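Let me give you the structure first, and then I'll get to my questions.
The values are calculated or read from the model by the stated rules, or taken from the named source; none is laboratory data. Just so you know, these numbers come straight off a predicted model, no measurement behind them. Every residue, glycine as well, gets a Cβ built from its backbone with ideal geometry; the counts of neighbours run over all protein chains shown. Just the protein is used for accessible areas: all its heavy atoms, side chains included, with ligands, DNA and RNA removed. Shrake-Rupley method; radii C 1.70, N 1.55, O 1.52, S 1.80 Å.
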Amino acid sequence: MGLLDARITKHNVLVTSVDNVMNWARLSSLWPMGFGLACCAIEMMATNASNYDLERFGIFPRSSPRQSDLMIVAGTVTMKMAERVVRLYEQMPEPRYVLSMGSCSNCGGPYWQHGYHVLKGVDRVIPVDVYVPGCPPRPEALIGGLMKVQELIRMEQIGITRAEALKKLEEKSVDPGHLIEDARQGARAS
Amino acid sequence: MSEQQEHTPAIPPAVERARVVWTVISEKFGDAVSPLDENPTMPFFEVARPELWLDIALFMRDNPKLRFNYMACLSGMDYPGEGKLGIVCNLESLGEHGYTIAVKVKCDREGGVIPSVSRVWKTAEWHEREAYDMYGMTFGGHRDMRRILCPEDWEGFPLRKDYQVQENYHGIKVPY
């Protein structure tokens, strides 16, 4: 029985900071805007379905931008669609987050050079917080990206900007190369 | 050995059937249709007088010897060397005679008009809109001649061979 538990059971008092509680509440109930654009959307749907089950993170797609705090741009953004994406983004309440899913949305993907009709990266029209690479990314990759959004929310504080939160997140970042090397060395040792 | 001598390159059945079709049409329209191109993949003829295209289409659909009741596809074409735009229609006499033939119609590259066959085969309605959207020829008599894929205010026609993509669309940079 830890100190925290004792305080809750004996005195009904929980000591924490407002930042902590608010961030925890927000990151535990991310509601993405439920819209898909192309093949990535199939992966997004698979991630939402029972096999990968996003609801265990409290992530549940909403069908109105007014009830969403996360926009997953899943797939090819055509020039015709770009303005609609912006409109949906503008209808979302603050604080809002954008996750760009897949090569098309990140940079135009296979339409990079000759696709006259494709927006070469959704960050040309709306600010993106997290990019998920892949064509299309597997559900595990999308979950990784969503956890990155959660980490970003955890870094936020009242009175600091998103950019500062991102900087804090960057300081915390781990080089995956080191992790892999450590794991290999561990495997060799054992 | 004798078997080899007897063996002459057979005319593919598709070409044979297309010959029958072309004969019926050219008997009626004479010089308005070009000679048949007897390629084994998709035999085709060209409509030499585009203004007769609608009449030819109606004849092909309603003549009991032809009964082309199905338009499988209508594609646009660009011939910058000739200064022409064109369409290729793949027609079939589905469940009737089993004929298959393609028809080509050309018009001028700038401001060219091809008669619409959307009232003959309803499939042509959207196909013609697509050809207009991508190549820029208009279809005379089409009841809803709008772009279908690109936005209404898109500049240029993307499948023309000399197409240059526009720099900006509603303030968004288009090329990489």
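Compute for chains A and B the buried accessible surface, both sides summed, probe 1.4 Å, and express it in Å² to the nearest 100.
Summing both sides, the interface buries roughly 1200 Å².
Per-residue HN-Hα couplings for the stretch A:154-164, Karplus 6.51 cos²θ - 1.76 cosθ + 1.60 at θ = phi - 60°, whole Hz, x for Gly and Pro?
Listing the rounded values in order: 5, 6, 6, 9, 5, x, 10, 7, 4, 4, 5 Hz.
Put +1 on the Cβ of every Lys and Arg and -1 on every Asp and Glu Cβ in the protein assembly as shown; which of A:115, B:103, B:66 then has its Cα farthest towards the positive end of the dipole?
Selected residue: A:115.
Among the listed pairs B:84/B:122; A:80/B:161; A:80/A:172; A:120/A:172, which have their C-alpha atoms separated by more than 28 angstrom in this model?
Checking Cα-Cα distances, A:80/A:172; A:120/A:172 exceed 28 Å.
Oh, and also: Nearest 10 degrees, 0 to 90: what angle lies between the long axis of helix B:13-29 and the longest principal axis of chain B (Cα atoms)?
Compared with the principal axis, the helix lies near 80 degrees.
Among all the aspartates and glutamates, which ones have a C-alpha under 14 Å from residue B:106's C-alpha, if same-chain residues fewer than 8 places away are not counted?
Once the sequence-local aspartates and glutamates are set aside, what remains near residue B:106 is B:46, B:51, B:78, B:82, B:128.
For chain B, with all protein chains present and a 1.4 Å probe, just round the carbon and sulfur fraction of the accessible area to a whole percent.
Carbon plus sulfur share of accessible area: 51 percent.
Roughly how tilted is helix B:124-135, in degrees to the nearest 10 and between 0 and 90, from the longest Cα axis of chain B?
The answer is roughly 60 degrees.
Let me ask something else. Could you grab the relative contact order for chain B? Cα pairs under 8 Å, six or more apart, rounded to a whole percent.
That works out to 15 percent.
Per DSSP H run of at least 4 residues, take -39500 (n - 2.57); add these up for chain B, divide by its residues and hand me the 222 nm value, nearest 500 deg cm²/dmol.
-7500 deg cm²/dmol
I need the trypsin sites (Lys or Arg not before Pro) found in the stretch B:112-176, filtered to DSSP loop residues with at most 16 other beta carbons within 10 Å of theirs.
B:119, B:122, B:143, B:146, B:147, B:160, B:161
Leaving out ligands and nucleic acids, and using a 1.4 Å probe, what accessible area per residue does the stretch A:1-129 come to in Å²?
With the other protein chains kept in place, the stretch A:1-129 gives 53 Å² per residue.
A follow-up question, please. How many Cβ atoms of partner chains, on average, are near each residue of A:115-124 if near means within 10 Å of its Cβ?
4
Which whole-Hz couplings ³J(HN,Hα) result when phi for each residue of the stretch B:78-93 is put into the Karplus expression 6.51 cos²θ - 1.76 cosθ + 1.60, θ = phi - 60°, listed in order with x for Gly and Pro?
Values per residue, Gly and Pro as x: 10, 10, x, x, 8, x, 10, 10, x, 10, 10, 10, 9, 10, 9, 9 Hz.
Further, regarding this structure: Please list, ordered by chain and number, the residues whose modelled amide H lies under 5 Å from the amide H of residue B:119; skip anything fewer than 5 residues away on the same chain.
none
Can you order the peptides A:42-49, A:104-111 by their average number of other Cβ atoms within 10 Å per residue, highest first?
With the highest mean Cβ count within 10 Å placed first, the list reads A:104-111, A:42-49.
In addition: Under the rule of at least 5 residues apart or a separate chain, name every residue whose amide H is placed under 5 Å from the amide H of residue A:76.
For residue A:76, the qualifying residues are A:38, A:39, A:40.
Ignore the peptide's own chain and count Cβ atoms of other chains within 10 Å of each Cβ in A:79-85; give me the average, rounded.
Per residue, the average neighbour count from other chains is 3.
Same structure again: So how tilted is helix A:79-91 from the main axis of chain A? Cα-based, degrees 0 to 90, rounded to 10.
30 degrees
Quick check: convex hull of the Cα atoms in chain B, volume per residue, rounded to a whole Å³?
Convex hull volume per residue, Cα atoms: 165 Å³.
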